[in-house]
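The values are calculated or read from the model by the stated rules, or taken from the named source; none is laboratory data. As the structure is a computational prediction, the values presented were derived from the model and not from experiment. Here the Cβ is made from the backbone with ideal geometry for all residues, glycine too, and neighbour counts use every protein chain on show. Surface accessibility is based on the protein's heavy atoms, side chains included, excluding ligands, DNA and RNA. Shrake-Rupley method; radii C 1.70, N 1.55, O 1.52, S 1.80 Å.
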Amino acid sequence: MARQEYLQPALAGTDPGAGGTDPALPLSATTFVVVDLETTGGAPDGGGITEIGAVKVRGGEELGVLATLVDPGVPIPPFITVLTGITQAMLLPAPPIEQVLPSFLEFVSDAVLVAHNAPYDVGFLKAACAKHGYRWPNPRVLDTAALARRVLLRDEVPNRKLGTLAAYFRAATVPTHRALEDARATVDVLHGLIGRLGGHRVDTIGDAIEFARAVTPTQRRKRHLAEGLPKGPGVYIFRAADDRPLYVGTSRDVATRVRSYFTASEKRARISEMLAAAERVEAVVCAHSLEAEVRELRLIGAHAPPYNRRSKFPERVVWLKLTEGPYPRLSVVREISPDDRAYLGPFSSRRAAELAAAGFHDAVPLRQCTHRLSLRTATPACALAELGRCPAPCEHRISPQEYDRLAVTPFAAATTGDPQPVVDALLARIEALSAGQRYEEAAVLRSRLAAVLRAAVRMQRLAALSGLAELAAAHPAANGGWELALVRHGRLAGAGVSPSGAHPRPTLAAIRATAETVLPGYGPVPAASPEESERILSWLERPETRLVEMSAGWASPVAGAARFRDLLTKAESAATHQSWSERL
């Protein structure tokens, strides 16, 4: 019949659902709950459990036992009865799993769950919790079968079955396919395996769980590189033997993030190659996450680490501008100057700039030829003029004033102000193509419209921020203080944290006194990379961020490109959906 030998009373002030065990806790101080289940042999669907046996241990000492038969609510297959000795008659007076789960979850509490072939047992327990409305505490789980595969050699044991391991470690209890006896045998196996971990420099529960997973020899050999790093926000740099930066990253918790590179969760081939070449990890402590993100961008831009993929060449941006002279045209250039008539950007690639240029060519009659035109001498027109796609300024069919009104002014207005004429023209063409069932051509125009709006929205946002000589902002810190940032012309000039309970003004004054001097420049990103200014904008636009001081008003055009954000979102969403449909 069902029996419960021991039920540990709830500890005051603990949450049974917390499931939080510090990964740095030594194995000798870790509380383990070793569990074994007997089931009807089916899939984990929320039922099927016939017996639960669990033993709580710490430091080699047994703290408690929980054992009970469970009514699965279904007949037991004959072969299960032969295997376990559990009959249908034995289970008739047993409680159902929904009555057993509260006691079991309380017994597990904040301990580490241990099982042999843990995915099987944990799968049944999680399914039962989900079915009957109990929250699974998500404890740390250690699988003795997986640990044995990492610790024991093939010439030591022929397999990793519980019976084989119990015999090898001379367990006091022989496994019998009954839950409590198998759990007790697993306890002895666990202690035997822990005794073997010392030679592998595995001393904590977090290390033991990671060691049981399939980490590479390089990760195991280099894991000491993660030792001694700070736990706060900052930037980490993997360096080679000659001190070359190999990889730069950022995290709110540098120590935890760097440790993850030496776990089984890290499977990227390029990172494995990087770890093989790394000889040390350097950490740069930052005041808060924004400073860490900005420092990461600057370090990647300055050193171009070979194993970073993004942000390596911030100087490789291009612009779309109007050329000088009569009848200007669009040109993709690397740099802009104060003398430029109108421009749009920055673009991350020439391809992106050309896509936006194609959108303008579809909307306004800007010439596309590259000839240098003269107001005195006519030049033969190209095919675009014959097709009605160009007003043929080369043959002087249109005056410079009319060309400026129809082509130049809409482009200039779209870059710094209202892109309405361009948007209306493109939408009209898209509707006409759709009405004629020319959907592929309409999709091309939609992509060009998205490129125009994306660039205009980006440029106007960046220009509004970089136009401010100084801006101070604060964001609530996790500890109750304030994260402070001082921004000058779109560049992070200073950062700090005001402690909890203290007024942030003195901290802000100290930041301002030591902040970087940033000179004004030309364009929407005169003092920083576009990515840095956009990271700052994202931080400033968080609902919790407060603007403290500004040198002038921070504003964007009322009739600017930002009012078309919904249209841009729809266009990008439609393009993404089309891309996936084409792949399928």
Segment 294-403: which GluC sites (Glu not before Pro) are DSSP loop and have at most 15 other beta-carbon atoms within 10 angstrom?
Glu315, Glu324, Glu335
Starting from the Cα gyration tensor of the chain, multiply each eigenvalue by 5, take the square root, and state the resulting semi-axes largest first in whole Å.
64, 30, 23
Over all directions, what mean area does the Cα convex hull of segment 369-454 project, stated in square nanometres?
6.7 nm²
With a 1.4 Å probe and every protein chain left in place, tell me how much accessible area Cys390 has, in Å² to the nearest 10.
20 Å²
Eigenvalues of the alpha-carbon gyration tensor of segment 469-584, times 5 and square-rooted, give semi-axes in Å, largest first, of 34, 19, 14
Would you check the chain for Lys pairs whose C-alpha atoms are within less than 30 Å, ignoring same-chain pairs closer than 8 in sequence, and give me the count?
14
Can you list which of the GluC sites (Glu not before Pro) found in segment 491-552 are DSSP loop residues with at most 16 other C-beta atoms within 10 Å?
Glu516, Glu541, Glu544
Probe radius 1.4 Å, ligands and nucleic acids left out: which of His288, His503, His303, His132 has the largest accessible area, and how do the rest follow?
His503, His303, His132, His288
Rounded to the nearest Å, the spacing of the alpha-carbon centers of segment 507-534 and segment 404-435 is 34 Å
Row for segment 201-262, column shape: gyration tensor on C-alpha, a ≥ b ≥ c, rounded if a/c < 1.5 i.e. under 1.5, prolate if a/b over b/c, else oblate; value oblate
So what J values fall out for segment 203-210 if you push phi through Karplus, 6.51 cos²θ - 1.76 cosθ + 1.60 with θ = phi - 60°, rounded to Hz, Gly and Pro as x?
10, 10, 5, x, 5, 5, 5, 5
Based on Cα positions only, what radius of gyration and what Dmax would you give for segment 96-143, in angstroms?
10.3, 27
Decide, for segment 112-208, between rounded, prolate and oblate: order the square roots of the alpha carbon gyration tensor eigenvalues as a ≥ b ≥ c, take rounded if a/c falls under 1.5, and otherwise choose prolate if a/b is larger than b/c, else oblate.
oblate
Add -39500 (n - 2.57) for each DSSP H run of 4 or more in the chain, then divide by its residues: what number comes out at 222 nm, to the nearest 500 deg cm²/dmol?
-12000 deg cm²/dmol
For a quick check of understanding: with a 1.4 angstrom probe and all protein chains in place, what accessible area in square angstrom does Asp340 have, to the nearest ten?
20 Å²
Order the following by accessible area, largest value first: Trp539, Trp136. Probe radius 1.4 Å; ligands, DNA and RNA are ignored.
Trp136, Trp539
Using a 1.4 angstrom probe and counting only protein chains, how large is the accessible area of Arg220 in Å², to 10?
70 Å²
For segment 570-575, take each phi angle, set θ = phi - 60°, evaluate the Karplus expression 6.51 cos²θ - 1.76 cosθ + 1.60, and give the result in whole Hz per residue in order, putting x for glycine and proline.
5, 5, 5, 5, 5, 5
Let a ≥ b ≥ c be the square roots of the eigenvalues of the Cα gyration tensor of segment 321-464; is it rounded (a/c under 1.5), or, if not, prolate (a/b larger than b/c) or oblate?
oblate
